[in-house]
Amino acid sequence: MRLGVLDVGSNTVHLLVVDAHHGAHPWPAHSEKAVLRLAEQIGPDGALSRAGEDALVAAVAEAKLAAAHRNAEDVLAFATSAVREATNAAQVLSRVREETGVQLQVLSGADEARMTFLAVRRWFGWSAGRLLVLDIGGGSLEVAAGIDEDPDMALSLPLGAGRLTRDRLGVAPGSSAPPSAQAVEELREYVESALDPVAEKMAQIGWDRAVATSKTFRTLARLAGAAPSTSGLWIRRSLSHTGLRQVLGFIRHIAPAKVAELEGVSASRAHQLLAGAVVAEATMRRLNLEVLDICPWALREGVILRRLDQLEPA
């Protein structure tokens with residue numbers, strides 16, 4: 001069957017259409033995204049702006065048409081931190097449903113961690129043993145660990161690259177100057193304090209393989225020397241703590257506009273990469289991780305796999 005998954009995130013609205021059936025590998029048939037930066041359209045009152053609502057409704061309607069045009073039998077639509085945390089979330093969800101016919105399911109941070117963990121488990125298989133999975137999104141950092149397909153621990157922290165860029169660094173897309181050394185140091189201290197409870201919990205949990213997923217980690221791995229996306233899904237990619245520290249030491253001194261010119265960096269996310277690198281480095285250091293394997297599957301694939309599991313075997 002052909003399934004569509006619509007991911008309304010903090011930065012983008014991403015439609016992925018795959019061909020798959022129960023017990024099969026989901027193969028991508030189409031992918032498209034709209035950059036909305038919803039998290040940056042949350043006002044002082046915590047509500048998503050009218051302009052943000054309008055953009056979201058238009059993007060969801062367009063994605064629905066695109067999925068239908070490509071003969072998707074079902075569309076799984078979900079929203080993460082930007083919509084989840086908006087004070088007018090109920091109003092936004094109602095308007096999307098009324099004007100597009102799409103029912104957006106709001107995932108909790110823990111649900112995000114669990115779905116991502118499932119995708120990573122399926123990608124690496126049982127031979128990977130106990131897994132530790134890290135995912136830096138636009139609004140949050142997800143951490144999950146366990147031996148089964150459902151993790152023993154699933155946590156979400158407000159340490160997303162977009163959130164920290166906006167709230168702690170004050171950096172805008174296309175900025176011509178890097179943030180000050182003081183701002184970066186204050187960000188590092190904030191991240192360290194937020195990681196304290198995670199570090200304490202993780203000290204009691206072991207793992208055999210540490211894995212990272214998400215655009216932020218993939219970009220950092222590419223800058224540290226991992227193979228480009230053109231090499232295909234099956235090439236093994238990893239990010240070492242040493243390599244990450246070198247990347248962080250470099251990008252903290254250059255403007256986001258220059259970061260966007262680096263190979264493998266998305267122009268729409270370049271201004272968020274420094275905050276993401278600070279979170280990644282602090283997390284690896286606090287959890288004593290020397291190397292992270294990079295998984296190409298993440299939350300969207302986890303949602304698809306969970307849906308396929310609910311289908312009757314052919």
Fill in: Members of segment 1-57 found to be assigned to a helix (DSSP H, G or I) and among the hydrophobic types (A, V, I, L, M, F, W, C), listed by number
LEU38, ALA39, ALA51, ALA55, LEU56, VAL57
Response to the item:
Going through (1) on the phi > 0 side of the Ramachandran plot; (2) modelled with pLDDT under 95; (3) in contact with a helix residue (DSSP H, G or I) (Cβ under 8 Å, 6 or more places away or on another chain) one by one, GLY225 fails only at (2)
Worksheet item: Out of segment 171-198, which residues are more than 21 Å from the chain's Cα centre (by Cα) and open to solvent by less than 50 Å² (accessible area, probe 1.4 Å)?
Response: SER175, PRO179, ALA183, VAL184
Worksheet item: Just checking, how many residues over segment 279-314 are at positive phi and touching an Asp or Glu at 6+ places or on another chain (Cβ under 6 Å)?
Response: 0
Response to the item:
Quick count over segment 152-177, residues being more than 24 Å from SER240 (Cβ to Cβ), part of a loop (DSSP other than H, G, I, E, B), in contact (Cβ under 8 Å) with a residue 24 or more places away in the chain and not polar (S, T, N, Q), is 7
Practice prompt. Examine segment 92-108 for a residue that is part of a strand (DSSP E or B) and under 22 Å from GLY4 (Cα atoms), and state whether such a residue exists.
Written response: yes
Fill in: Where ASP150 falls short, out of the listed (1) open to solvent by 20 Å² or more (accessible area, probe 1.4 Å); (2) in contact with a Pro (Cβ under 9 Å, 6 or more places away or on another chain)
(2)
Response to the item:
Scanning segment 69-87 for residues that are under 23 Å from the mean Cα position of the chain (by Cα) and surrounded by 15 or more Cβ atoms within 10 Å (Cβ to Cβ) gives VAL75, LEU76, ALA77, PHE78, ALA79, THR80, SER81, ALA82, VAL83, ARG84, GLU85, ALA86
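The values are calculated or read from the model by the stated rules, or taken from the named source; none is laboratory data. Remember, it's a predicted structure, so these values are computed and weren't measured experimentally. Backbone-built Cβ (ideal geometry, glycine too); neighbour counts: all protein chains shown. Side chains included, ligands, DNA and RNA excluded: accessible areas come from the protein's heavy atoms. Shrake-Rupley method; radii C 1.70, N 1.55, O 1.52, S 1.80 Å.
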